[in-house]
Amino acid sequence: FHGIISREQADEILAGVEGAYILRESQRQPGCYTLALRFGNQTLNYRLFYDGKHFVGEKRFESIHDLVTDGLITLYIETKASEYISKMTTNPIYEHIGYATLLREKVSRRLSRTKNESRKASVTSEENTPVEKITSLVRRAALTQNDNHFNYEKAHNFKVHTFRGPHWCEYCANFMWGLIAQGVRCSDCGLNVHKQCSKYVPNDCQPDLKRIKRVYCCDLTTLVKAHNTQRPMVVDSCIREIEARGLKSEGLYRVSGFTEHIEDVKMAFDRDGDKADISANIYPDINIIAGALKLYFRDLPIPVITYDTYSKFIDAAKISNPDERLEAIHEVLMLLPAAHYETLRYLMIHLKKVTLHEKENFMNAENLGIVFGPTLMRPPEDSTLATLNDMRYQKLIVQILIENEDVLF
């Protein structure tokens, strides 16, 4: 650290020593610090930020030495291989030996246990294909339409990741450089790619059950793809139990079960998945199961009726002409992601069955709309005023979906 000195003085100190660096306090802005780094026969100046524990920028370093080391590696590679780097994404190996080709005949172990053993196939590759580098691609399973009956489209959930030891991008097959945060990893399926390559990876994420830690509070599409089901198993299990012994229960979905017991059901699904026991032997009060189903929908990070379609549904509900309103709602339904659409369709069929027993349970489509409106749809912005203003339209949307489920779906 050289205290308060000018850029010119820093340049003199570093002159002729490639890779050397010093820290200085800014003359123009006292209290602000600059890293002066010698590279390519010139002095580069970078503003330093410190959060009390790490030196931060796009990455987080525990020491200036690590920051400089990573910076020199990056500067060197980007200087010497800039033309190559710009072409890395133009001919990706992902399209040739990724999900699409090399592994599509290799069914994942999870699925192979439930399918006919005779369907196993071998994976072949040409001699020049750099398969050795793409070990994690081989580790992960790629599924064809035939192997995955519910092949919903899902974007990868990429997060910046620090790789230990040499690592290669599974999109372009090139080396990931740097000391830390060399690339990104999909937290749902484990795909490892350069940050710039992540923009080109198609929405073909196949979540790994080992990475999905819970059932509640998990993205709906992620959950169904991880379990290879058409809908979340929570929805299937709860509806199956309710239809078996609760359709005539007075105040179904309106009467609350004990909160502690509902939390028990939630923990059972998180722990045991589709093997969770929610039978009458364990939970004789059907309102507990109904409460657990509503809680699942409330806990979704993206509601069944997604944030992207929320305003379109509200606008459709405001149309006064019944036929035009129905047509508008149908058009917006087509915009829902496939897993959300299928879950909503299945739920509306169930709620229609509930209304058929209105004389016993006193729950018609309007009452169910009041209960499920705020549960299935929430405004994108967390505004109490917006929620209050939209409540009657939320109720109306669900009521119309129930009453016209045979037409709309």
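The values are calculated or read from the model by the stated rules, or taken from the named source; none is laboratory data. Worth saying up front: this structure is predicted, and the values here are computed from it rather than measured. Remember, those area values only see protein heavy atoms, side chains included, never the ligands or the DNA or RNA. Shrake-Rupley method; radii C 1.70, N 1.55, O 1.52, S 1.80 Å.
Structural remarks
- Length gained when the stretch K53-E324 is fully extended (0.36 nm per residue, less Cα-Cα span): 91.6 nm
- For the chain, the longest principal axis of the Cα atoms and the long axis of helix 233-245 meet at an angle of about 10 degrees.
- Exceeding the 29 Å Cα-Cα cut-off - candidates K154/K213; K53/K87; K210/K266; K159/K225; K275/K312: K53/K87; K275/K312
- Taking all protein chains as they are arranged and a probe of 1.4 Å, the heavy atoms of E241 leave approximately 40 Å² accessible to solvent.
- Nearest-10 value in Å² for the accessible area of I13, using the 1.4 Å probe: 80 Å²
- Length-normalised contact order for the chain - Cα pairs under 8 Å, 6+ apart - percent: 10 percent
- Contact order normalised by residue count of the stretch 226-299, Cα under 8 Å, 6+ apart, percent: 44 percent
- The stretch 239-340 - percent of accessible surface contributed by carbon and sulfur, probe 1.4 Å: 49 percent
- A straight line joining the Cα centroids of the stretch 33-62 and the stretch 356-409 runs 54 Å.
- For the chain, the longest principal axis of the alpha carbon atoms and the long axis of helix 64-80 meet at an angle near 90°.
- Max mean-square fluctuation residue, GNM over the chain, Cα-Cα springs under 10 Å, options K53, K395, K359: K53
- Whole-number percent relative contact order across the stretch 192-269, with pairs defined as alpha carbons under 8 Å at least 6 apart: 26 percent
- Between 0 and 90 degrees, the angle of helix 286-299 with respect to the longest Cα principal axis of the chain falls at about 30 degrees.
- Accessible surface calculations at 1.4 Å, restricted to protein heavy atoms, place the stretch 254-345 at 49 Å² per residue.
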